[in-house]
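Here, each number is a calculation from the coordinates, and none is a lab measurement. Computed from a prediction, not measured in an experiment: that's the story for all the values here. Cβ placement follows ideal geometry from the backbone for every residue including glycine, while neighbour counts extend to all protein chains displayed.
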Amino acid sequence: MTNWDDHRFFLAVARKASVKKAAELLEVNRSTILRRITAFEEKLGVRLFERLPNGYFTTAAGDEMMATAQKMEAVANEVDRRIAGRDTRLSGTIRISLAGALGSYVLMPDLAAFSHAHPDIKLEIVSKYDMPDLARREADVAVHISNDPPDDLIGRRIVKVARAAYIGSKYLHRISTKDPAAALNWIGWSLDPSSPQWVEDSDFPDIPVGTIITDPYATIQALEAGLGMSILPCYLGDSEPGICRAPAGNLQWQTDLWVLTHKDLRNTARIRKFTSFISDAIIRHRNLLEGNCERQLSMHPA
């Protein structure tokens, strides 16, 4: 008899190529993953994975099983979504995916207000930059920055999110006083900084990329310390007292901010309540998000 749970464990290991990462994904311990995969292989009479020092990789039989398991997953997720879509209660769990630091810098007070107003609705908040797969229930609602969201999702484009070049007061003072050690460098966020398009599109296309920092909070600390300058979302840069936009302060990019859900969940009462609430909250933050709250720094060193 086909058991969806067997296929669910198989898919987790196949996608992550790691028992440890699969266990983290499914929120079980490592021994459970090993036991379930071994039992599944014994039941089928084939090896689904090659156990190599650098990970678990599917065999030919595993590749065939992958196609079957993905079809089962799609059916199971569709059933789950349709059942959830008929839920008319203002209770239950909403899994929310938020773009990067948008939650902690802008929307956290609004999320708290929603939670207080609807205590029977539990929020699960996941902060990530990549768009989640709502068809696989990685999230119920995505509040994400994108100019090209997936076609299978429904929702609203709420505002634009602007970015600009930011610099710290220490660096600004050194430049203004023509300190010979004040050669400008970008702080990049990509591990492959060769000819980055964002540099070419900036007000400073001839400045090289120096330090690479992939964490936005560490980037802010680096700017405050005078390490260089960097492109930041304005909701980050204009909220930090120790940094300001690098002269001339022009906006670099503007990207759409969406509130999205899967079409099968659009009639779920708690989803409709939340998406309406958070959309209104985002509109209230429009000036910050669209870069209309620029501040100036003193030219004196901090």
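Before moving on, here are some points about what is shown:
- With the simple spin-label model, which puts each label point 7 Å out from Cα in the Cβ direction, the ASP148 to ALA112 separation comes to 3.9 nm.
- Principal semi-axes in Å for the stretch 4-85 [√(5λ), Cα gyration tensor, largest first]: 22, 15, 11
- The slack in the chain from ASN29 to GLN221, taken as 0.36 nm per residue of separation less the alpha-carbon distance, amounts to 65.5 nm.
- Helical runs assigned H by DSSP (4 residues or longer) give the chain a calculated mean residue ellipticity at 222 nm of -11500 deg cm²/dmol, each run adding -39500 (n - 2.57) before division by the residue total.
- Compared with the rule-of-thumb size 2.2 N^0.38 Å for a compact globular protein, the chain has a Cα radius of gyration ratio of 1.23.
- Kyte-Doolittle at least 0.0, axis length at least 15 Å by Cα - qualifying DSSP helices, the chain: 269-284
- Estimated FRET transfer efficiency (ASP130, LEU52; beta-carbon r; R0 30 Å; 0.05): 0.65
- Going from the residue with the fewest nearby Cβ atoms within 10 Å to the one with the most, GLU64, GLU27 rank GLU27, GLU64.
- Relative to the Cα centre, the charge distribution of the chain, modelled as +1 at Lys and Arg Cβ and -1 at Asp and Glu Cβ, gives a dipole magnitude of about 820 debye.
- Of the trypsin sites (Lys or Arg not before Pro) found in the stretch 213-302, those that fall in a DSSP loop while having at most 15 other beta-carbon atoms within 10 Å are ARG266, ARG295.
- Taking label points 7 Å from Cα along the Cα-to-Cβ direction, ASN267 and GLU42 give a separation of 4.6 nm.
- Counting neighbouring beta carbons within 10 Å and listing from fewest to most, the residues GLU224, GLU294 come out as GLU294, GLU224.
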